[in-house]
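Take a look at the structure below.
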Amino acid sequence: MRRLRLMCLVVWAALLVGGCGSSDRELLAVDVKGVVIDPESQSPILLLVDPDSERGLPVWIGLSEARAITLGLEDITPPRPLTHDLTKRMLDLLNASVERVVISDLKDNTYYAILNLRAGRKTWEVDSRPSDAVALALKFDAPLYLSRGLVQKGVMIDLRSSAPGMSVERLYGFVFQELSPEVARYFGFGKEKGVIVTEVTSRSRAEEAGLQKGDILVRLDRKTVAGREDVQRVLGEKGRSSPVRVDVYRDGKVLSLKMRPQEEG
């Protein structure tokens with residue numbers, strides 16, 4: 001208990017040093033699309049997406065931050081608190097919260113972020129790494145933004161042109177990401193490699209087939225799925241009118257679904 005009180009005092013001191021208030025900025029709201037793996041470097045990439053367009057900001061992050069963000073996206077609470085869980089608890093004890101996160105700048109290939117904190121009528125801006133800021137924002141369900149100055153530096157990519165043909169999301173109506181060992185253990189999945197469904201579009205072919213958020217893809221057309229590349233390869237080989245058999249792990253069981261791609265309009 002003494003250690004927790006001491007850490008709370010350290011956080012409070014950091015808030016005071018952070019300074020009060022922040023000038024209004026032109027901001028672009030973004031959503032956390034997920035964490036994917038760079039096929040070349042095998043490093044995690046945080047993908048922030050503008051919901052009003054198909055542009056995204058990829059940010060290379062560390063493994064521990066990638067795990068924290070993935071757990072946050074899946075609303076999974078680890079048995080023992082990780083760093084970001086502990087930070088949230090300390091802020092809660094101080095009656096402080098994260099109001100918003102702004103990815104503010106890019107300097108020397110390093111992204112900078114600002115945590116906007118509030119405790120009562122007092123507000124502070126705290127310098128942060130984007131990965132830590134996003135992990136905390138997910139804990140507080142706080143909105144994420146990019147500064148217009150950052151966007152004007154041309155950091156956004158067109159997701160439609162980042163992969164050949166139609167994406168899995170557009171073709172079938174679901175989003176997935178690499179499965180982390182922590183998430184695999186939480187769901188009781190016996191393997192540490194695979195992909196997990198993070199979003200299913202309403203009224204899509206994936207929803208019609210019965211695919212659900214949190215499903216772990218085990219096989220596609222009887223071919224084992226060990227990673228993102230397997231999904232892209234198998235679904236890319238399918239014809240636009242051919243159904244695909246999808247075996248998913250859910251609630252301790254493997255279920256088989258039949259899914260057709262969206263019709264082009």
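Where a number appears in this text, it was derived from the coordinates with a stated rule and is not lab data. Just so we're clear, the structure is a prediction, and the values are computed from it rather than from any experiment. Counting neighbours? That spans all protein chains shown, and the Cβs are built from the backbone with ideal geometry, glycine included.
Cβ under 11 Å from D92's Cβ, D92 left aside: what net charge do those residues give with Lys, Arg +1 and Asp, Glu -1?
+2
My understanding is that a pair violates if its Cα-Cα distance is over 29 Å; which of K88/K122; K88/K153; K107/K139 do that in this structure?
Pairs exceeding 29 Å: K88/K153.
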For the A119, T201 Cβ pair and Förster radius 45 Å, calculated FRET efficiency rounded to 0.05 is 0.75
Between the alpha carbon centres of the range 216-235 and the range 46-103 the gap in Å comes to 27
Excluding residues fewer than 8 positions from K258 in its own chain, the lysines with Cα under 30 Å of it are K33, K191, K193, K213, K223, K238
With a Förster distance of 25 angstrom and the Cβ-Cβ distance between I157 and R250, calculated FRET efficiency to the nearest 0.05 equals 0.15
FRET efficiency (S242, S64; Cβ distance; R0 25 Å; to 0.05) is 0.05
